[in-house]
């Protein structure tokens with residue numbers, strides 16, 4: 001029977017499970033944690049944006065890049081998840097892949113997946129299931145047949 005991996009992720013944690021049966025129980029494979037995704041913007045930025053005088057009226061206004069540091073960390077973690085899946089794919093650890101993540105993070109993972117891994121994706125579930133810790137309960141949120 002083909003091995004199916006289920007990825008349950010949010011922007012700070014990704015858990016990987018496997019099953020060798022379409023209706024089978026889930027087995028823990030691995031867990032990745034990215035604590036930077038939970039940090040406040042002010043803790044991720046190395047410095048306060050600069051200020052510049054000039055323009056119309058008096059006073060100064062803030063100057064800085066438009067990057068949102070938490071968003072950068074979310075994409076960095078999505079790439080880390082994709083790299084983990086690519087390494088597992090090289091070892092032929094799975095045949096099929098199911099990805100469960102909140103819609104925005106699911107898109108980030110999808111964008112980061114190499115083509116060789118993306119071909120294994122059989123189902124994407126746009127739900128935040130990362131808070132579900134019990135594998136039996138998690139299984140109830142997935143389709144009956146994987």
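Each row is one residue, and each column tells you yes or no for (1) surrounded by fewer than 16 Cβ atoms within 10 Å (Cβ to Cβ); (2) closer than 12 Å to residue 82 by Cβ; (3) without any contact (Cβ under 8 Å) to a residue 12 or more places away in the chain.
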| position | (1), (2), (3) |
| --- | --- |
| 102 | no, no, no |
| 110 | yes, yes, no |
| 115 | yes, yes, yes |
| 133 | yes, no, yes |
| 136 | yes, no, no |
| 139 | no, no, no |
| 143 | yes, no, no |
| 146 | no, no, no |
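Would you call residue 128 farther than 16 Å from residue 25 by Cα, over 13 Å from the mean Cα position of the chain (by Cα) and either assigned to a helix (DSSP H, G or I) or in contact (Cβ under 8 Å) with a residue 12 or more places away in the chain (or both)? Show your work before the answer.
Details: farther than 16 Å from residue 25 by Cα: yes; over 13 Å from the mean Cα position of the chain (by Cα): no; either assigned to a helix (DSSP H, G or I) or in contact (Cβ under 8 Å) with a residue 12 or more places away in the chain (or both): yes.
Here the answer is no, as residue 128 does not meet what is asked.
Please report, ordered by residue number, the helices (runs of 4 or more DSSP H) entirely within segment 1-118 with at least 1 residues that are farther than 20 Å from residue 135 by Cα, at pLDDT below 95 and touching a helix residue (DSSP H, G or I) at 6+ places or on another chain (Cβ under 6 Å). Explain how you work it out, then say what you get.
On the way: elements: 41-44, 69-90, 103-112, 115-118.
Once the helices (runs of 4 or more DSSP H) in segment 1-118 are filtered for at least 1 residues that are farther than 20 Å from residue 135 by Cα, at pLDDT below 95 and touching a helix residue (DSSP H, G or I) at 6+ places or on another chain (Cβ under 6 Å), what remains is 41-44, 69-90.
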Mind checking which pairs have a first residue in segment 16-33 that is within 21 Å of residue 87 (Cβ to Cβ) and a second that is at pLDDT below 90 and outside any strand (DSSP E or B), Cβ under 7 Å, 6 or more apart or different chains? 19/146; 20/1
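The values are calculated or read from the model by the stated rules, or taken from the named source; none is laboratory data. Computed from a predicted model, the values in this text were never measured in an experiment. Note: ideal-geometry Cβ built from the backbone for every residue, glycine included; neighbour counts use all protein chains shown.
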